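Notes for the one structure printed next.
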Amino acid sequence: MIYGFFGSIPGCPHQRGSHALRGNGKTLCLTFVGYLDYLSGRDVISNYKTSFSEFVSTERIAEMVIYEDIRDTTILLSELQLYMNSLGVNTKELRSFVGSVIGQSRKRNTDIHYDTQRYTDVHPRIRVQTDRAFLPRKFHADGKPCQLDRCDKPHFIYLYQHDPYMEHPIVKLRADNFGALYDTNEIVALIKD
């Protein structure tokens with residue numbers, strides 16, 4: 001499966017209301033899904049540091065998937081637009097990743113999950129291959145939406161499924177429980193020239 005976690009999706013009915021676009025729980029939900037796979041015994045690799053996955057650079061992940069026989073693995077890619085944006089893909093390996101590897105991942109029982117701020121920032125060929133598109137939304141404990149990207153109050157993340165569409169959240173996560181699984185302040189680095 002290929003899952004995408006987005007800050008905004010054009011035309012998505014779940015975007016109505018007052019919600020922060022940034023800091024809304026994309027990487028937290030990405031981490032949660034990877035953690036569930038880890039608990040079920042799958043290998044998990046990621047381009048950001050978690051307490052349960054193997055940390056590997058995005059470039060190296062692309063090489064591993066293209067040139068090595070990775071099977072029964074979950075791949076977590078944060079800030080995918082930095083590497084595979086809608087304007088084009090930089091390197092031969094990453095073009096190959098977009099062109100063939102994503103489609104072949106099903107045959108290898110390898111899941112690829114990613115997050116990005118805006119749906120349209122990701123390469124169109126990746127969007128077409130994405131099996132599920134999710135939109136997390138941040139709420140306070142009283143059930144009211146949070147309007148700030150940096151808020152010190154405790155939060156719950158409601159994870160809405162946009163494609164295929166489901167009206168109600170599929171899960172509600174306590175941010176402090178799952179935020180402890182990764183460094184929420186880590187900055188995912190850009191590709192080196």
Open item on the list: If packing is taken as the average number of other Cβ atoms within 10 Å across a peptide's residues, how do 125-133, 148-156, 73-81 rank, most packed first?
Closed with: 73-81, 125-133, 148-156
Open item on the list: Only counting other Cβ atoms within 10 Å, I'd like L135, L159 sorted with the fewest neighbours first.
Closed with: L159, L135
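Each reported figure results from applying straightforward, stated rules to the coordinates on display, with no laboratory input. Since the model is a prediction, treat every value here as computed from it, not as a measurement. For neighbour counting, all protein chains shown are included, and Cβ atoms are generated from backbone atoms with ideal geometry for every residue, glycine included.
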